[in-house]
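Worksheet: the structure to be examined is printed underneath.
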Amino acid sequence: CVFSSPELKDIEYIRSNYYNKLEIARFDSSLGRFVGYTEFGVKQANYWNKDTSFIAALNAQREAVCLTTVGI
């Protein structure tokens with residue numbers, strides 16, 4: 001979670017996926033989708049972005065995970 005203020009609209013949830021210590025793809029809640037950084041990561045990001053329920057679940061995690069850690 002990246003905080004610029006304690007309000008939900010200003011909190012960014014980022015989930016990175018790594019393989020062999022190399023970031024292949026990242027979910028960014030401000031974009032609302034995955035972005036790939038390698039050839040394999042781009043393919044995976046396209047696959048994950050097609051699953052709207054998975055994207056909705058990750059967007060919901062921003063509220064569930066980040067809001068509970070604002071005061072910490």
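The values are calculated or read from the model by the stated rules, or taken from the named source; none is laboratory data. Every value quoted in this text rests on a predicted model; they were computed, and no experiment measured them. Cβ atoms come from the backbone with ideal geometry, glycine included; neighbour counts cover every protein chain shown. These area figures cover heavy atoms from the full protein model, side chains too; ligands, DNA and RNA do not enter into them. Shrake-Rupley method; radii C 1.70, N 1.55, O 1.52, S 1.80 Å.
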Within region 13-45, of all residues that are in contact (Cβ under 8 Å) with a residue 24 or more places away in the chain and in contact with a helix residue (DSSP H, G or I) (Cβ under 9 Å, 6 or more places away or on another chain), the one farthest from R62 (Cα to Cα) is N17
Just to verify a result, which residue in region 57-72, among those that are open to solvent by 70 Å² or more (accessible area, probe 1.4 Å) and not in a helix (DSSP H, G or I), is nearest to E7 (Cα to Cα)?
G71
